[in-house]
Structures are given as C-alpha cells and as structure tokens.
Amino acid sequence: MRKPSSRYEKTTTISGPFNIGLLLIVSASFWIAGYTQSIGYPVYSEAAATPLWEMVCIAFTSKTGAYLVGLMLLIGGAIIIHRANYVQIIIREKTYLPFLLYLILISCNTAFLPLNAASLAMFCLILAFYQILKTYRDPDCIANIYNASLLLGVGSLLWIHLLWFVPVFWWGMYSLKSMSIRGILASLTGLATVYWFLAGWCVWTRSFDALHGPFLSLTMISRPELNGIRTADWIFMIAMIILAGASILNIFIHEYDESVRTRQFLFFTIIIALISFSLALVYEQQRIEFLGLSCMPLAILASHLFATSKFRKKGWIYCACIALYVLLSVIRSPWNFLPPDVL
C-alpha cells in the first residue's frame, strides 16, 4: 500500500476537519465552563485604569453581556488574523491554523476570560497590524498608516500600555518599505486625532486625570517577581517559550525558502512577539495583559511552524503541543481539579 504523502498527512492531521472541530469544541468548552463558574466576572478596573475602561466596566452589568462581548472580540480578532494571512500571505500555505491557534490560546487561559482592557486593545492592535501589512512597498498608502495609528490611539484610551507598540509599528513601516515623511506625519496625525479629542474633553470637564493617571502608569516598571510561582505555571511558561523559540528559529533557519514579502511580514510579527514577552517581564501588574497580547503573534508564528516545516511526525508533535497546552490550562485554572500542593 502506498504511504500517504506529507502534504496529505498535513491536511488530514493539522488542517483537516477533525482538528478544526476539536479545537472549536475545546475552546467553546472553556468559555461555557467559565460562564457557568462566573470566571472573570464582574469585570473591574484597576487603580491605574483609564477613565474610558472604567466607564466600560460600569456598563457591563450583565455577565451574559460581558461574555458575549468577549467572545465577539475573540472571534472577530481570529477572523481578522485569518484574513490577514489569507490576503497578505504571511504563511505561504493556505491554512486555518492562525484562526484556530488564536482561539485556543485565548480560550484555554481563564485569566483572559471574559475580557479586560487589553482584550479591547488587542482587537485594535490586530486591526492596526492588518492595516500596516497592506502598506508593503507602498509609501503612498497614507490612509492605511493613518488608520493603524488611529486604531493604536483608540486602543490606548482603553489600555494605555498599547502606546509602547507605536515605535514597533514605525519599525514595521521601515521594514515593509513604506516609511516616508508623509507616512510618519500620517502616523503622528492618527495619534494626535485621538488625543486631541481627549484633551478637548479634559478641558471641557476641567479635569486632566484622563491624561495624567494612565500615562503615569507607564513609568511603573519593576523587576519580575518569580517567588511563589507554582510548578504548573513554570511548566506552562517554559512550554510557551519553547514553542515561540522553535517557531522563530524555524523562520531564521528556513528564511530563504520564503519570498521577501513573507520574510518581512514574519520578522515584523516576531518583533511584536518579543516586545510583548519583554514588557510582560517588566510590568508586574500588567503581566497577564501582555501575555494575552503575545497570543496574536504567537498564533501566527506557531502556525507557520506547523504549516510549512518539513520535519517528520509533524502531526504528532502538533497534537502533543495542543494536548499539553490544554492540560496545563486545566491544571492552572481556578476550578481546583487538583489539590493546590500537587502542582
């Protein structure tokens, strides 16, 4: 009997209907379990939260409403990531993996349920990411640059730490050959549009707390506290670092197998991932938010690893990674499946 080709194995094991259905069921199960146990509800704002996020928290008087909005943001972000990959060809293979991995990475971590300030900011980041990708080798595409900066500005009104990614997007413009004086001015204008209205609101209300408090939180940098981290959390973080490292290493080893366009898109995605992980180390109180933000680039990079790499038993390794991630997510969840002194 003829052995199945590697392409057939990849299609049936990784991109086939069984894998798609399984991951959708697993993601839905975590959301249903979180809803029944009221995980993450009520939605609250921290001391350094922006006034806009405080208003959003007050508006969520219903658990059902909070979970529906969180689920719509998750599905909407996953669709945009899939659209960006399909149209801009971030991954040369046509695959649903970016969509599926983003769903599973967010859904299986109960710390991200149902939503927080970074959830809304991450949706803005995904939209801005797609806008910047469309500027590849098109310095005249000023509208996309303006839209990307406008989205980052809007997201920063909900979660001020999103402003750290503005220089990252400038680097992305330079890497994608869309950097120009007009592009920089369009980017600054996009941010200024948002904060011009915010400044006007502050003048109208005669209170500048909306500007002072959130920007002050950007300076609250501290050393990472590693004491008290459970064994399961250590294993979870190490597993995520290994997956991210393997994905990035695979890109650098096989970078010349890709087109110049795809390489630039992947390198831009790598920078976003590295910045997200780095900021999670120096912002103790915002660690969960930055780790959630890193799920977007990690979903793309891991999808590239499993969709394009040629190592043997790729399907089995993929299944093992998903199973390990889901298992660790269950152990780390607040449902107390295991006694606290086990892991």
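The values are calculated or read from the model by the stated rules, or taken from the named source; none is laboratory data. For clarity, every value in this text was computed on a predicted model and none was experimentally measured. So basically every Cβ, Gly included, is an ideal-geometry build from the backbone, and we count neighbours across all protein chains shown.
Before moving on, here are some points about what is shown:
- Of everything in segment 270-309 that is closer than 19 Å to residue 171 by Cβ and among the polar types (S, T, N, Q), the residue that is farthest from the chain's Cα centre (by Cα) is 278.
- Selection count where residues are small (Gly, Ala, Ser), assigned to a loop (DSSP other than H, G, I, E, B) and exposed (fewer than 14 other Cβ atoms within 10 Å of the Cβ), scope segment 42-76: 2
- Test: residue in segment 263-276 that is outside any helix (DSSP H, G or I), crowded, with 19+ Cβ neighbours inside 10 Å and of a type in the set (Phe, Trp, Tyr): no
- Residue identified as modelled with pLDDT of 95 or more and either in a helix (DSSP H, G or I) or crowded, with 16+ Cβ neighbours inside 10 Å (or both) among 39, 79, 32, 25: 79
- Meets criteria (in contact with a helix residue (DSSP H, G or I) (Cβ under 7 Å, 6 or more places away or on another chain), modelled with pLDDT of 95 or more and either outside any helix (DSSP H, G or I) or over 30 Å from residue 281 (Cβ atoms) (or both)) for residue 146: yes
- Residue tally, condition surrounded by fewer than 24 Cβ atoms within 10 Å (Cβ to Cβ) and closer than 15 Å to residue 32 by Cβ, over segment 109-121: 1
Residue by residue, here is whether (1) touching a strand residue (DSSP E or B) at 6+ places or on another chain (Cβ under 8 Å); (2) free of Cβ contacts under 8 Å to residues at least 40 places away in the same chain; (3) assigned to a loop (DSSP other than H, G, I, E, B); (4) among the hydrophobic types (A, V, I, L, M, F, W, C) holds:
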site: 298; (1), (2), (3), (4): no, no, no, yes
site: 301; (1), (2), (3), (4): no, no, no, yes
site: 311; (1), (2), (3), (4): no, yes, yes, yes
site: 317; (1), (2), (3), (4): no, yes, no, yes
site: 323; (1), (2), (3), (4): no, yes, no, yes
site: 327; (1), (2), (3), (4): no, yes, no, yes
site: 331; (1), (2), (3), (4): no, no, no, yes
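- Residue that is surrounded by the most Cβ atoms within 10 Å (Cβ to Cβ), among those in segment 144-184 that are without any contact (Cβ under 8 Å) to a residue 40 or more places away in the chain and either farther than 25 Å from residue 214 by Cβ or acidic (Asp, Glu) (or both): 144
- Cβ-Cβ under 7 Å pairs, at least 6 apart or on other chains, segment 228-242 side within 14 Å of residue 281 (Cα to Cα), far side surrounded by 14 or more Cβ atoms within 10 Å (Cβ to Cβ) and aromatic (Phe, Trp, Tyr): none
- Top-ranked residue of segment 1-22 - restricted to ones that are polar (S, T, N, Q) and assigned to a loop (DSSP other than H, G, I, E, B), ranked as modelled with the lowest pLDDT: 5
- Hits in segment 235-245 - residues which are out of contact with any Ser or Thr (no Cβ under 9 Å at 6 or more places or on another chain) and surrounded by 13 or more Cβ atoms within 10 Å (Cβ to Cβ): 235, 237, 239, 243
- Some residue of segment 290-300 being of a type in the set (Phe, Trp, Tyr) and surrounded by 14 or more Cβ atoms within 10 Å (Cβ to Cβ): yes
- Looking only at segment 202-214, and only at residues there that are of a type outside the set (D, E, K, R) and more than 19 Å from residue 162 (Cβ to Cβ), the one that is surrounded by the most Cβ atoms within 10 Å (Cβ to Cβ): 202
- Filter pass, residue 197 being among the aromatic types (Phe, Trp, Tyr), surrounded by fewer than 20 Cβ atoms within 10 Å (Cβ to Cβ) and touching a Cys at 6+ places or on another chain (Cβ under 8 Å): no
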